[in-house]
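Novice: Next up is a structure, given as structure tokens.
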Amino acid sequence: MRNNQRVIFIVFIILFFFHEVVFSQKVGVVLSGGGAGGACHVGVLKALEESNIPIDYITGTSIGALIGGLYASGYSVEDIEKIITSDKFVNLTKGELEKKYQYYYFKKEDDASWITLKVSFDSSLVTNIPTNVISSVPIDFEILNYFSNSAAAAAYNFDSLFIPFRCVASDIENKKSIVFKKGELNEAVRASMTYPLFLKPIKVDGKILFDGGLYNNFPADVMAIDFNPDYIIGSVVTSANPKVDEENLYAQLRSMLVKNPDFSLQNKAGIIIKPWSDVGTFNFNSCKRLIDSGYVTTITKIDSIRKNVSTKRSKEELMKKRKLFKSKYTEENIIEEIDIEGLNKNQQYYVKHLLGNRRKKQFSLESIKKGYFRLSEDNKIRSIFPTLILNPQTGKYKLNLKMKREKDLFIQFGGNLSTRPISTGFVSAQYNYLSKVALSVYANGYFGRLNQSGLGKIRIDFPTKLPVFIEPLVCISRWDYYSSSTLFYNFVQPPYLTQRDRFGDLNIGIPVGNQSKAMLGVGIAELDNVYFQTNGFTAKDTADQTTFKFNYANFEYEYNTLNRKLYASEGGYFNIKTKYITGDESFIPGTQATNEAKTIDVPRQWALVKAKFDGYLKPFRFFKVGILAEGVFSSQGLFLNYTSSVLSAPAFQPTPESKTLFLPNFRAYKYAAGGGKMIFNPMKKIDIRVEAYAFQPYQAINSNSNFLASLGKAFADRYFIGMAALVYHTAIGPLSLAVNYYHGQQQPFTFLVHFGYTLFNRKSIE
């Protein structure tokens, strides 16, 4: 009897385990594409985990590939939520580097450009149209960080990940969907996420791939074919294509490019969850709300799921499994080799030296991060796509960089359109050459009544341990204040003023950290000022002329993290310059000069130190505060008359319009100036700016009855500048409506409407 009981017990145990093996249910989760709405998927996964619903397989498209790939790689729901709700992730979706990695050293001087066309000499105009709106460099590097370890731990087989995984991309040449089952996981996810014209497409196995949502935005068919689960849970955050209408261009283009998604479960048992996800495709600022939407919607479906899925998987089991998977790899990726595709040997030399760590046999991915982003900021490099491949014999990685050099020629257009006669056109061209050193040949031109200017320069970059550039430069410009501004008709001084400026210099520069650079330069210049000093001149009169021929040497340090080149509202700027000038002033009197005036040559020399700070704080979401401070100390002496003395003096020009005016009251050899800015942001691209500044000269430059100059009493004079402006930041430049105030002028208030940039080539004496 007892033996029979033992037999029955053993048979029961065998049958129990046999039942568990044979009849345990497998659950697959399918995550659709849908842009920022895909944040809902995190809430769906969170609700399933909390309810002990097993997740045995995952497939995803686009944002679903990213969320699904992270989960399949062993990231917890909490980890994923933390990633996509961070400011860092939002910046990645905008193509923005973290400020600490932005590399100011390669940034060219600010100019009036609106748009840039990049042209290759060996291709047609159509092939030179940009294929992406944002930079893919930041997100490509972070995706490499997210997935390189887990892919190596799974031996590059997606079935061996923490959760077996599939994602899809679109082969637009062959008009078909591509399923990724193995290989570099970061490459697969990135291909699946490549939204057309937003992210730069990548090439995998010789095929140019785009967003998987073009042909398969809900890969339930992949789930059914590859994994054949007992039950499918689908999370859908997108909709069918809008109805085509003859007036709806978006619907027409979408229907031509995007296959209408199939949201069926391929005749498998399952459920489709449709959380609220009605946000813009790229509005990743709403991720927390979307996660909550996915969670709440899924919780309401748990009872229905439980009726069909009896298998449970506890949080403890999941944590144990995740820990076991992560134990297969180390957190730090040690690189033993760098392989570069797409560049010749000389160009590879430049890249490897600029990356740094070139003398080390092994280094971590984190240690090369700064050099990597520095390289991406180089305007001779067009694109970089990284992958890490584990060498199983050494346990170390090979870093593979698929690179393309930048196009041969940049052409820029821009300028400033204004209600005052200060409108200016701008055009520039830059030729790029990359070998063991990098070379840029650049020229620009400004064309307008106020300013005509041309600049040419050559920059040679050497990828030494401390990068260095050498830059010879030539600039010729003319400023005509009388014909450019009706404002001067109301001024006693000057009724007529023209400046001609010609200079050439040689600069050597190095980076100082990531956000700043230092430059040492020498140059030679000739500055001609042609002017009348009285109101009673006629067409028969000739003007007075002061010519200053001089040599100079200067040292400059500059830090810059400002978010815009005009009307900045974030970041900071600091510049300090020391300059030594020696030369000869020549004065040639005109017909209106006093009887005592005669041609005179006088030697001049002085030293100057100028410092400027411009920084911004954000105490509230829609409100920012800016602080501007500027100071000059110069040993310069007075020139031969009042006008030439003022023209050679440093100027305080804190507002866009003030850069276009000759304002004698805001020029001095020694001064301190500064003020504050209040910036309101009622809408994303709109600023309401109120700015006020004080100018305190140590000694003002005054004029006597003979038009000679004299210095006033110490701190006896001070003047104020103000501006109130409404600014709309368009994709190519600012549109501004401003009221300006200039203390001490006969007509202190001006009204200015302008579109574009009041930026110009620098002057020799600055």
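Novice: Looking at (1) of a type in the set (S, T, N, Q); (2) closer than 30 Å to Thr750 by Cα; (3) open to solvent by less than 60 Å² (accessible area, probe 1.4 Å), which is the one condition that is false for Thr419?
Specialist: (3)
Novice: Ok, one more. If the requirement is being open to solvent by less than 40 Å² (accessible area, probe 1.4 Å), among the aliphatic types (A, V, I, L, M) and not in a helix (DSSP H, G or I), which of these qualifies: Leu439, Leu390, Leu399?
Specialist: Going through Leu439, Leu390, Leu399 in turn, the sole match is Leu399.
Novice: Looking at Phe180, Phe227, Phe198, can you tell me which residue is over 34 Å from the mean Cα position of the chain (by Cα) and of a type outside the set (A, V, I, L, M)?
Specialist: Exactly one of Phe180, Phe227, Phe198 is over 34 Å from the mean Cα position of the chain (by Cα) and of a type outside the set (A, V, I, L, M), namely Phe227.
Novice: Take the conditions open to solvent by 60 Å² or more (accessible area, probe 1.4 Å) and at pLDDT below 90 and apply them to Tyr250. Does it pass?
Specialist: yes
Novice: Let me ask you something else. The conditions are (1) of a type outside the set (A, V, I, L, M); (2) exposed (fewer than 14 other Cβ atoms within 10 Å of the Cβ); (3) over 20 Å from Gly43 (Cα atoms); (4) touching a helix residue (DSSP H, G or I) at 6+ places or on another chain (Cβ under 7 Å), and Thr330 fails exactly one of them. Which is it?
Specialist: Result: Thr330 passes all but (4).
Novice: Now for a separate question. Suppose we filter Ser264, Ser255, Ser277, Ser239 for residues that are open to solvent by less than 30 Å² (accessible area, probe 1.4 Å), modelled with pLDDT under 95, out of contact with any Lys or Arg (no Cβ under 7 Å at 6 or more places or on another chain) and over 22 Å from Asp159 (Cβ atoms); which single one remains?
Specialist: Ser277
Novice: Somewhere in region 610-618, is a residue of a type outside the set (Asp, Glu) and either exposed (fewer than 14 other Cβ atoms within 10 Å of the Cβ) or not in a strand (DSSP E or B) (or both)?
Specialist: Checking region 610-618: at least one residue is of a type outside the set (Asp, Glu) and either exposed (fewer than 14 other Cβ atoms within 10 Å of the Cβ) or not in a strand (DSSP E or B) (or both).
Novice: Right, here's the next one. Would you mind telling me which numbered condition in (1) touching a helix residue (DSSP H, G or I) at 6+ places or on another chain (Cβ under 6 Å); (2) under 27 Å from Lys370 (Cβ atoms) Ala153 fails?
Specialist: Only one criterion is unmet by Ala153, namely (1).
Novice: Still on this structure: Condition check: within 30 Å of Lys328 (Cβ to Cβ), of a type in the set (A, V, I, L, M, F, W, C), in contact (Cβ under 8 Å) with a residue 60 or more places away in the chain and in a helix (DSSP H, G or I). Does Val168 satisfy that?
Specialist: For Val168, the condition - within 30 Å of Lys328 (Cβ to Cβ), of a type in the set (A, V, I, L, M, F, W, C), in contact (Cβ under 8 Å) with a residue 60 or more places away in the chain and in a helix (DSSP H, G or I) - is not met.
Novice: Report yes if Val427 is in contact with a Leu (Cβ under 9 Å, 6 or more places away or on another chain), surrounded by 15 or more Cβ atoms within 10 Å (Cβ to Cβ) and free of Cβ contacts under 8 Å to residues at least 40 places away in the same chain, otherwise no.
Specialist: The answer is no for Val427.
Novice: Filter region 701-724 down to the residues that are open to solvent by 50 Å² or more (accessible area, probe 1.4 Å) and among the charged types (D, E, K, R) and list them by number.
Specialist: Selection gives Lys713, Arg718.
Novice: Do you know which of the residues in region 539-593 that are in a strand (DSSP E or B) and of a type in the set (Val, Ile, Thr) is nearest to the chain's Cα centre (by Cα)?
Specialist: Selected residue: Ile576.
Novice: Another one. Does Gln653 count as within 24 Å of Ile576 (Cβ to Cβ), under 30 Å from the mean Cα position of the chain (by Cα), part of a loop (DSSP other than H, G, I, E, B) and touching a residue at least 12 places away in the same chain (Cβ under 8 Å)?
Specialist: It is true that Gln653 is within 24 Å of Ile576 (Cβ to Cβ), under 30 Å from the mean Cα position of the chain (by Cα), part of a loop (DSSP other than H, G, I, E, B) and touching a residue at least 12 places away in the same chain (Cβ under 8 Å).
Novice: Right, here's the next one. For the list (1) under 21 Å from Leu70 (Cα atoms); (2) open to solvent by 10 Å² or more (accessible area, probe 1.4 Å); (3) at pLDDT 90 or above; (4) of a type in the set (Phe, Trp, Tyr), I need the number of the one condition that Phe218 fails.
Specialist: (2)
Novice: Can you tell me which residues in region 732-752 are within 14 Å of Tyr567 (Cα to Cα) and either open to solvent by 40 Å² or more (accessible area, probe 1.4 Å) or aromatic (Phe, Trp, Tyr) (or both)?
Specialist: Hits for region 732-752 are Ile732, Leu735, Leu737.
Novice: If you don't mind, there's one more thing I want to ask. Does region 754-764 include one or more residues that are surrounded by 18 or more Cβ atoms within 10 Å (Cβ to Cβ), outside any loop (DSSP other than H, G, I, E, B), in contact with a helix residue (DSSP H, G or I) (Cβ under 9 Å, 6 or more places away or on another chain) and at negative phi?
Specialist: Checked against the condition, which is being surrounded by 18 or more Cβ atoms within 10 Å (Cβ to Cβ), outside any loop (DSSP other than H, G, I, E, B), in contact with a helix residue (DSSP H, G or I) (Cβ under 9 Å, 6 or more places away or on another chain) and at negative phi, region 754-764 yields at least one hit.
Novice: A follow-up question, please. Looking at Asp159 and the list (1) under 25 Å from Val27 (Cα atoms); (2) surrounded by 20 or more Cβ atoms within 10 Å (Cβ to Cβ); (3) at pLDDT 95 or above, which single condition is not satisfied?
Specialist: (2)
Novice: OK, next. Yes or no: Lys370 open to solvent by 70 Å² or more (accessible area, probe 1.4 Å) and at pLDDT below 90?
Specialist: yes
Novice: Go through Asp205, Asp211 for me and flag whichever is closer than 30 Å to Lys26 by Cα, within 31 Å of the chain's Cα centre (by Cα) and either of a type outside the set (Ser, Thr, Tyr) or modelled with pLDDT of 95 or more (or both).
Specialist: Asp211
Novice: Another question, then. Determine which single condition Ala673 fails, assuming it passes every other condition in (1) of a type outside the set (D, E, K, R); (2) open to solvent by 60 Å² or more (accessible area, probe 1.4 Å); (3) closer than 21 Å to Leu608 by Cα.
Specialist: Failing condition for Ala673: (2).
Novice: Tell me, which residue of region 402-436 that is among the polar types (S, T, N, Q) and part of a strand (DSSP E or B) is nearest to the chain's Cα centre (by Cα)?
Specialist: Only one residue tops the list, namely Gln412.
Novice: Moving on to the next point. Lys345 is checked against (1) open to solvent by 70 Å² or more (accessible area, probe 1.4 Å); (2) within 28 Å of the chain's Cα centre (by Cα) and fails just one. What number does that condition carry?
Specialist: Here Lys345 meets the rest and fails (2).
Novice: Considering only residues that are more than 28 Å from Lys577 (Cβ to Cβ) and among the polar types (S, T, N, Q), look in region 506-546 and name the one that is surrounded by the fewest Cβ atoms within 10 Å (Cβ to Cβ).
Specialist: Step by step, filter region 506-546, then rank; the result is Thr538.
The values are calculated or read from the model by the stated rules, or taken from the named source; none is laboratory data. It should be emphasised that the depicted structure is a prediction, and the values quoted were computed from it without experimental measurement. Using ideal geometry, Cβ is built from the backbone for each residue, glycine included, and neighbour counts are taken over all protein chains shown. What goes into the accessible areas is simple: the full protein's heavy atoms, side chains included, and nothing from ligands, DNA or RNA. Shrake-Rupley method; radii C 1.70, N 1.55, O 1.52, S 1.80 Å.
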